[in-house]
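Report on the following structure.
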Amino acid sequence: VIPVPGRPLPPTPTPTVDDDRGVDPICTQEPPCDLHAVDLESALGTGPLAVLVSTPAFCQTAICGPVLDLFVAAQADAPDVTFVHVEVYESADEVEELGSQATLAPAVEAWELPYEPCLFLVAADGIVAERLDVIYDATELAEALGRLTA
């Protein structure tokens with residue numbers, strides 16, 4: 001079920017640098033971003049979360065990389081928020097062979113996301129406070145993060 005504002009974000013395990021959960025690579029950005037240290041399932045309910053689903057190397061719209069760059073940069077201004085990046089596909093090799101028919105990463109499959117990028121802003125209680133779909137700019141992201149921590 002696609003997570004929507006006002007509903008809980010499903011507690012879904014996500015790949016980390018310590019446990020890739022079968023996702024290879026866990027980040028297709030070059031160089032890989034540093035937002036794969038925390039498992040979403042473990043972080044859920046411990047404080048506000050910002051969770052971005054995007055695949056910079058395989059995005060059909062060419063905006064997954066730029067919004068991930070904005071997302072990474074926004075960490076400095078939101079120290080109370082845990083940032084998590086989730087890749088779309090389980091295997092880069094499979095994407096190169098099968099394209100959009102490749103196996104989805106577990107969170108994307110569980111949330112039934114039909115598109116990306118998608119940013120979920122999740123309150124400390126685990127409820128989705130806001131969702132930004134597809135494209136956003138630095139101002140929109142900063143405003144949304146401000147609402148999340150207000």
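Give T28, T16 a once-over and let me know the one that is open to solvent by less than 30 Å² (accessible area, probe 1.4 Å), within 20 Å of V108 (Cβ to Cβ) and touching a His at 6+ places or on another chain (Cβ under 7 Å).
Being open to solvent by less than 30 Å² (accessible area, probe 1.4 Å), within 20 Å of V108 (Cβ to Cβ) and touching a His at 6+ places or on another chain (Cβ under 7 Å) holds for just one of T28, T16, which is T16.
Testing G6 on (1) part of a loop (DSSP other than H, G, I, E, B); (2) closer than 21 Å to Y115 by Cβ; (3) at pLDDT below 95; (4) open to solvent by less than 70 Å² (accessible area, probe 1.4 Å), one condition comes back false. Which one is that?
(3)
Checking D125 against (1) of a type in the set (D, E, K, R); (2) assigned to a loop (DSSP other than H, G, I, E, B); (3) touching a Lys or Arg at 6+ places or on another chain (Cβ under 7 Å), which test does it fail?
Just one mismatch for D125, condition (3).
Does A37 satisfy being assigned to a loop (DSSP other than H, G, I, E, B), among the small types (G, A, S) and open to solvent by less than 80 Å² (accessible area, probe 1.4 Å)?
Yes: the conditions hold for A37.
Counting just the residues of segment 106-135 that are at pLDDT below 90 and in contact with a Phe, Trp or Tyr (Cβ under 9 Å, 6 or more places away or on another chain), which one comes out surrounded by the fewest Cβ atoms within 10 Å (Cβ to Cβ)?
D133
Could you say whether any residue in segment 62-74 is part of a loop (DSSP other than H, G, I, E, B), farther than 17 Å from E30 by Cα and modelled with pLDDT under 95?
no
The values are calculated or read from the model by the stated rules, or taken from the named source; none is laboratory data. Quantities reported herein were computed from a predicted structural model and do not represent experimental measurements. Using ideal geometry, Cβ is built from the backbone for each residue, glycine included, and neighbour counts are taken over all protein chains shown. Side chains are part of the model used for accessible areas, which takes the heavy atoms of the whole protein and leaves out ligands, DNA and RNA. Shrake-Rupley method; radii C 1.70, N 1.55, O 1.52, S 1.80 Å.
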